[in-house]
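Contents: one structure, followed by commentary.
The values are calculated or read from the model by the stated rules, or taken from the named source; none is laboratory data. Treat the numbers as computed from the prediction; the structure is a model and nothing was measured. All Cβ positions, even for glycine, are placed from backbone atoms using ideal geometry, and neighbour counts span all protein chains on display. Surface accessibility is based on the protein's heavy atoms, side chains included, excluding ligands, DNA and RNA. Shrake-Rupley method; radii C 1.70, N 1.55, O 1.52, S 1.80 Å.
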Amino acid sequence: MRHLGLGVALAAIVLPAAASAQSVFDGRWRVDLGSTQIPTKPWVLTLNKTGYRCVSCSTPWGIPADGSFHRVAGQNYFDEAALKQIDPRTVEFHYRKGGRLVETDRISVSADGKTLTSVDTDLATANGQPAIYRSTARRSAAGAPGSHVLGGSWVTTSFDKGSDNTMTVTMRLEGDRFSFADGTGSHYVATFGGPPVKVEGDIAGRMIAARRLGAHAVQLDSSIGGKADSRMIVTVTPDGKKMNVESTNLKQGTTARFVAYKQ
């Protein structure tokens, strides 16, 4: 889910104006995947006869690779996981939270063992419409002798277009009140300089706090369970047509950058 994909959360800032005036930030925005600068820190995974383990996850976790669900502690978006081997080069993860299936992730490794492709489907969206994320990674280190082809280190190289609801967001600014909604139905209204607010529709209980950085920039701080999770800095061009976004995963210590354009 969000631990292996590029989450999109955009915010904006408006110059002082009457609340009734339309902001240049109001409207629908689309992410340009081709603009994404992806962190080069590798994902380190192991898969062998004893099971699977995500060594590099912010909270490492693992399960037996027997196709059955097993309890997993310390994860925000799931509390059970199952791993099924489809064929020698393909595996499928299923994730549940509170007994509900919330995500599937089908991962395939190329015949030469150098490329990994992930198709991740979020089934726990606020509006009930599945959100599909596609990504590709290259191998940076081999797994231990005798391990499954998935084992080893992988560096994400691209995020490919998934479902359209993962690519767009809608925003509105009225004074210091910022309204945000994405294509999956998650939404919130935050006041710049105010307390954190809940992201409605987020199953982990994510909170957002926003503050002004200047005339055309905002800082968006995200937390889960009272613990800082990520920080996003958004800068909009003076003509209001383009947003430059810098997103830092505070747990992993990595930063991604991308661009969104007004539609």
Subset of segment 125-145, residues of a type in the set (Lys, Arg) and open to solvent by less than 70 Å² (accessible area, probe 1.4 Å), comes to ARG139
Just name the residue that is surrounded by the fewest Cβ atoms within 10 Å (Cβ to Cβ) out of those in segment 217-245 that are out of contact with any Ser or Thr (no Cβ under 8 Å at 6 or more places or on another chain), closer than 25 Å to CYS54 by Cα and in contact (Cβ under 8 Å) with a residue 60 or more places away in the chain. GLY225
For segment 33-63, name all the residues that are free of Cβ contacts under 8 Å to residues at least 12 places away in the same chain and of a type in the set (Val, Ile, Thr). VAL55
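Matching residues to (1) of a type in the set (Lys, Arg); (2) under 24 Å from ALA124 (Cβ atoms); (3) more than 20 Å from the chain's Cα centre (by Cα):
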position: VAL169; (1), (2), (3): no, yes, no
position: GLY185; (1), (2), (3): no, yes, no
position: GLY194; (1), (2), (3): no, no, yes
position: LYS198; (1), (2), (3): yes, yes, no
position: ALA204; (1), (2), (3): no, yes, no
position: ILE208; (1), (2), (3): no, yes, no
position: LEU220; (1), (2), (3): no, yes, no
Based on what the data block shows, is VAL31 part of a strand (DSSP E or B), at pLDDT 95 or above and under 24 Å from VAL155 (Cβ atoms)? no
Can you find even one residue in segment 184-197 that is loosely packed, with under 15 Cβ neighbours inside 10 Å and either among the basic types (Lys, Arg) or out of contact with any strand residue (DSSP E or B) (no Cβ under 9 Å at 6 or more places or on another chain) (or both)? no
Residue ID - least open to solvent (accessible area, probe 1.4 Å), chosen from residues in segment 108-124 that are within 17 Å of the chain's Cα centre (by Cα) and among the hydrophobic types (A, V, I, L, M, F, W, C): ALA124
Filtering segment 246-263 down to residues that are within 14 Å of the chain's Cα centre (by Cα), assigned to a strand (DSSP E or B) and in contact (Cβ under 8 Å) with a residue 40 or more places away in the chain, which residue is surrounded by the fewest Cβ atoms within 10 Å (Cβ to Cβ)? THR254
Between GLY205, GLY162, which is in a loop (DSSP other than H, G, I, E, B) and at pLDDT below 95? GLY162
Here is a list of conditions, (1) open to solvent by less than 60 Å² (accessible area, probe 1.4 Å); (2) touching a helix residue (DSSP H, G or I) at 6+ places or on another chain (Cβ under 7 Å), and SER158 meets all of them except one; can you say which number that is? (2)
So for segment 47-55 (the condition being at pLDDT below 95, under 22 Å from the mean Cα position of the chain (by Cα) and β-branched (Val, Ile, Thr)), does at least one residue qualify? no
Across segment 217-245, which residue is modelled with the lowest pLDDT among those that are outside any strand (DSSP E or B) and within 26 Å of LEU33 (Cα to Cα)? PRO238
Members of segment 44-63 that are part of a strand (DSSP E or B) and open to solvent by 50 Å² or more (accessible area, probe 1.4 Å): THR46, ASN48, ARG53
Looking at (1) small (Gly, Ala, Ser); (2) open to solvent by less than 70 Å² (accessible area, probe 1.4 Å); (3) at pLDDT 95 or above, which one does GLY214 not meet, given that it meets all the others? (3)
Residues of segment 125-154 being under 16 Å from the mean Cα position of the chain (by Cα) and not in a loop (DSSP other than H, G, I, E, B), in sequence order, are ALA131, ILE132, TYR133, ARG134, SER135, THR136, ALA137
